[in-house]
1. Sort out which residues of the range 7-49 are modelled with pLDDT of 85 or more and not hydrophobic (A, V, I, L, M, F, W, C), and write them in order of number.
2. May I ask you to list the residues in the range 100-119 that are open to solvent by less than 60 Å² (accessible area, probe 1.4 Å) and either of a type in the set (A, V, I, L, M) or within 13 Å of VAL136 (Cα to Cα) (or both)?
3. Out of the residues in the range 79-92 meeting the condition of being over 14 Å from VAL127 (Cβ atoms) and free of Cβ contacts under 8 Å to residues at least 40 places away in the same chain, tell me which one is least open to solvent (accessible area, probe 1.4 Å).
4. Could you go through the range 94-114 and let me know if any residue there is acidic (Asp, Glu) and at pLDDT below 90.
5. I need a count of the residues in the range 82-113 that are outside any loop (DSSP other than H, G, I, E, B) and either under 13 Å from the mean Cα position of the chain (by Cα) or farther than 14 Å from THR131 by Cβ (or both).
Amino acid sequence: MQSSRYDAWVGLFVLIGGAALLFLALKAGNLLSLDFDATYQVSARFDNIGGLKPNAAVKSAGVVVGRVESISFDDKTFQAKVVINLHKATQFPKDSSAKILTSGLLGEQYIGLEPGADEKNLATGDVIRQTQSAVVLENLIGQFINSKASDMGSAATPAPASGGKP
């Protein structure tokens, strides 16, 4: 009889431990955000979002001020539309700008907000007009290789010879 009581307690602690590990794994993978703060929704359009994903952080001055709600493709403008939930406590001017940035060299991508100087603040449904797309590492490498190849091609071309003999 004593053994079955201990088995129940051990089973309970194993379940609690498993739930805690699942919670930590989801938080570490940025797949779970328990955020009960009031938010307002704004959107922004980007030419290229790189590896930005829903639920990615939105930061200003290094502080998380919101999350990416959803990402969709607009077939009229051929741009990505990113819907952002910002905390009500953080109000940004209407002329604020949004950039897609990367944590470290190959880290995850997030949106960086830079406040503008307008007296009116962003409200639900507003669109951030000033945006800067993600820097795609493959494009940078391709541009570097092409510029080096063109430099090598112009250096390898011999100069025209003069008409006189030595």
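1. Listed by number, the residues that qualify are ASP7, GLY11, GLY17, GLY18, THR39, TYR40, GLN41, SER43, ARG45, ASP47, ASN48.
2. From the range 100-119, those open to solvent by less than 60 Å² (accessible area, probe 1.4 Å) are 100, 102-103, 107, 109-113, 116; that's our starting set.
Of everything in the range 100-119, those that are open to solvent by less than 60 Å² (accessible area, probe 1.4 Å) and either of a type in the set (A, V, I, L, M) or within 13 Å of VAL136 (Cα to Cα) (or both) turn out to be ILE100, THR102, GLY107, GLN109, ILE111, LEU113.
3. Start the filter on the range 79-92 by keeping residues that are over 14 Å from VAL127 (Cβ atoms), which leaves 85, 87-91.
Pick out the ones that are also free of Cβ contacts under 8 Å to residues at least 40 places away in the same chain and you get 90-91.
Working: THR90: 40, GLN91: 89 Å².
Per the stated criteria, the residue is THR90.
4. Our first condition is that a residue be acidic (Asp, Glu); within the range 94-114, this holds for 95, 108, 114.
Okay, now just the ones that are also at pLDDT below 90, so 108.
For the range 94-114, residues acidic (Asp, Glu) and at pLDDT below 90: present.
5. Here is the first cut: in the range 82-113, the ones outside any loop (DSSP other than H, G, I, E, B) are 82-87, 93, 97-102, 109-113.
Those left that are additionally either under 13 Å from the mean Cα position of the chain (by Cα) or farther than 14 Å from THR131 by Cβ (or both): 82-87, 93, 98-102, 109-113.
Number satisfying all stated conditions: 17.
The values are calculated or read from the model by the stated rules, or taken from the named source; none is laboratory data. Just so you know, these numbers come straight off a predicted model, no measurement behind them. So basically every Cβ, Gly included, is an ideal-geometry build from the backbone, and we count neighbours across all protein chains shown. To get the accessible areas, we keep the full protein, side chains included, count just its heavy atoms, and leave off ligands, DNA and RNA. Shrake-Rupley method; radii C 1.70, N 1.55, O 1.52, S 1.80 Å.
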